[in-house]
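The values are calculated or read from the model by the stated rules, or taken from the named source; none is laboratory data. Bear in mind the structure is a predicted one, so any value in this text is a computation, not a measurement. Glycine gets a Cβ as well: all are built from the backbone with ideal geometry, and neighbour counts include every protein chain shown.
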Amino acid sequence: MLGESAVWLPGRNAVAWVDIPGGLVHVTEAASGRTQSVDLGEPVGAVVAGPGDTLVAGGTRGLWQIGGGEAPRFLGAPPGHSAATHRFNDATTDPIGRLIIGTLALAPNQGQPSGRLYVFCSSDGWRCLLDGFRTINGLAFSPDGRTLYVTDSHPDVQRIWTTDYNVVTGAIGSRHMFADFNCLAGRPDGAAMDSQGGYWVAATDAGRIYRFAANGILTDTVHLPVTWPTRPCFGGGVLRDLYVTTRRGPGGLTSGPLDGALLRVGAAWTGAVIPPWRG
């Protein structure tokens, strides 16, 4: 129904991704398209590679570790997190393997924006980096790890920001406007980074992916055979394939035959490496 959070698993030659309302974490083999799924039993918004062959998924109640021949293991949630009002939505890892993950309100149109961006690792616990989001998305790091990108996909916002990032401490600076989607087709959703510092973001509602250079200039547009792409990721042996999650039509809108599919598109750029969560 709502595919999201594509991430390449180089050791398995596969893509991990989620179906948010279905509560499913999928792993799709690149060569065969064969897919194995784990049902978390709750809506799941994000997944990243974990230690070894494990995955770490952000659900409604908190984080789950999946794999290793065991049943999904609950890792916890940020202090004050309530599954009655919020869930996780989008994640990535920083250059040394800290988890960067955001939350959104289950009713994002009500009240003040309450989504938060967190950093988490087992040794240091949870720390809130930013707050005041309605629909947090688009998390990615520049190749040198010194710039963190973050998006708010909500129709009332539709903006992408950058922040300075200290890889040693995990501290960030203030937000700076990077791109305003209010003058572009579509809304900004999930994102990926190429090795040259280009930021690739799904333009949901518009059936395309935009590439922005590090200076914020739009350089490339990839048109897709779907209306609602949700997140790209680079994969393949040399990271020259672009895998894209998509969703079916929201709110009763008619879906096309590929809406909700996981797509693979050849890319003219090489992707940046995303390390696994270090634990």
Sole exception among (1) at pLDDT below 95; (2) touching an Asp or Glu at 6+ places or on another chain (Cβ under 7 Å); (3) surrounded by fewer than 20 Cβ atoms within 10 Å (Cβ to Cβ) for Arg278, by number: (2)
Selection status of Thr93, in contact (Cβ under 8 Å) with a residue 24 or more places away in the chain and in contact with a strand residue (DSSP E or B) (Cβ under 8 Å, 6 or more places away or on another chain): yes
Test: residue in the range 77-94 that is of a type in the set (A, V, I, L, M, F, W, C), more than 22 Å from Pro188 (Cα to Cα), buried (at least 18 other Cβ atoms within 10 Å of the Cβ) and modelled with pLDDT of 95 or more: yes
In the range 226-259, the residues that are within 20 Å of Val18 (Cβ to Cβ) and not in a strand (DSSP E or B): Val226, Thr227, Trp228, Arg248, Gly249, Pro250, Ser255, Leu258, Asp259
Test for Phe74: is it assigned to a strand (DSSP E or B) and surrounded by fewer than 23 Cβ atoms within 10 Å (Cβ to Cβ): yes
Residue within the range 105-117 that is surrounded by fewer than 18 Cβ atoms within 10 Å (Cβ to Cβ), of a type outside the set (A, V, I, L, M) and within 20 Å of Ala6 (Cβ to Cβ) present: no
The range 183-225: number of residues that are more than 24 Å from Leu258 (Cα to Cα), polar (S, T, N, Q) and in a strand (DSSP E or B): 1
Residue count, the range 241-275 (criterion: surrounded by fewer than 21 Cβ atoms within 10 Å (Cβ to Cβ), out of contact with any Lys or Arg (no Cβ under 7 Å at 6 or more places or on another chain) and hydroxyl-bearing (Ser, Thr, Tyr)): 1
Where a residue in the range 182-209 is more than 18 Å from Thr92 (Cβ to Cβ) and touching a residue at least 12 places away in the same chain (Cβ under 8 Å) and its partner, wherever it lies, is in a loop (DSSP other than H, G, I, E, B) and among the acidic types (Asp, Glu), with Cβ under 7 Å and at least six apart: Gly186/Asp205; Arg187/Asp205
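Here's the yes/no breakdown for (1) part of a strand (DSSP E or B); (2) not small (Gly, Ala, Ser):
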position: Trp8; (1), (2): yes, yes
position: Gly11; (1), (2): no, no
position: Val18; (1), (2): yes, yes
position: Gly22; (1), (2): no, no
position: Val27; (1), (2): yes, yes
position: Val38; (1), (2): yes, yes
position: Val44; (1), (2): no, yes
position: Asp53; (1), (2): no, yes
Answer residue from the range 107-137, given it is in contact with a strand residue (DSSP E or B) (Cβ under 7 Å, 6 or more places away or on another chain) and of a type in the set (Ser, Thr, Tyr) and is farthest from Pro78 (Cα to Cα) among those: Thr135
